[in-house]
Amino acid sequence: MHLATIQSITGNLLYSTFVSIGSVAELHIYEKQEHGISLGILNYTLTLIDESRKSIEASKKDTTIGLEYSTFLAGAYEALGYMKKQAESYVLYVNTGNKDYIQEFEKARTSAWTKISELLGI
């Protein structure tokens, strides 16, 4: 297993997923994208996040990967959890119009970015 490559790809996944969720939310909020399109993208993103988290969970069980890589995977799993909450909150906002979900979205977004920037050193 090429750990540096997997770390790089995982870092790209985290950054791209974060940008994707935020972009979809902004396009929707400014009425540049229809509800159905926004929901479709976010629901598919949620599926991808779940699959990525399952894969990371399985990899974390590998005792040969070392502490540094194991710590990185744990952080990636955590960041994906925040992004899952972020996307779920926005889907709930789109479906209900309840602005409380925007507060949940923002809280999860801030937590996700804090973890991602820590992991990627940015």
Quiz item: Mind checking which pairs have a first residue in segment 3-17 that is within 15 Å of ASP62 (Cβ to Cβ) and a second that is of a type outside the set (Phe, Trp, Tyr) and in a helix (DSSP H, G or I), Cβ under 7 Å, 6 or more apart or different chains?
Solution: THR10/ALA76
Self-check item: Tally of residues being in contact with a helix residue (DSSP H, G or I) (Cβ under 8 Å, 6 or more places away or on another chain) and either assigned to a loop (DSSP other than H, G, I, E, B) or surrounded by 14 or more Cβ atoms within 10 Å (Cβ to Cβ) (or both) across segment 108-121
Solution: 9
Quiz item: In the list GLY40, GLY75, GLY81, which residue meets the criterion of being in contact (Cβ under 8 Å) with a residue 40 or more places away in the chain and part of a helix (DSSP H, G or I)?
Solution: GLY75
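Yes or no, residue by residue, for (1) modelled with pLDDT of 95 or more; (2) farther than 12 Å from TYR90 by Cα:
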| site | (1), (2) |
| --- | --- |
| HIS2 | no, yes |
| LEU13 | yes, yes |
| SER16 | yes, yes |
| VAL24 | yes, no |
| HIS28 | no, no |
| GLN33 | no, yes |
| ILE37 | no, yes |
| LEU42 | yes, no |
Quiz item: Which one of these does TYR101 not meet: (1) farther than 21 Å from THR114 by Cβ; (2) in contact (Cβ under 8 Å) with a residue 12 or more places away in the chain; (3) over 16 Å from the mean Cα position of the chain (by Cα); (4) not in a loop (DSSP other than H, G, I, E, B)?
Solution: (1)
Quiz prompt | Residues satisfying the stated conditions in segment 67-95, i.e. within 15 Å of GLU106 (Cα to Cα), surrounded by fewer than 20 Cβ atoms within 10 Å (Cβ to Cβ) and either at pLDDT below 95 or basic (Lys, Arg) (or both) | solution = LYS85, VAL94
Self-check item: Filtered residues of segment 91-106 (kept if touching a helix residue (DSSP H, G or I) at 6+ places or on another chain (Cβ under 8 Å) and closer than 18 Å to LEU14 by Cα)
Solution: PHE105
Exercise. Output yes when any residue across segment 56-65 is assigned to a loop (DSSP other than H, G, I, E, B), loosely packed, with under 14 Cβ neighbours inside 10 Å and among the polar types (S, T, N, Q), and no when none is.
Key: yes
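The values are calculated or read from the model by the stated rules, or taken from the named source; none is laboratory data. What you are looking at is a predicted structure, and each value in this text was computed from that prediction instead of being measured. Positions of Cβ are generated from backbone atoms using ideal geometry, with glycine treated the same way; all protein chains shown enter the neighbour counts.
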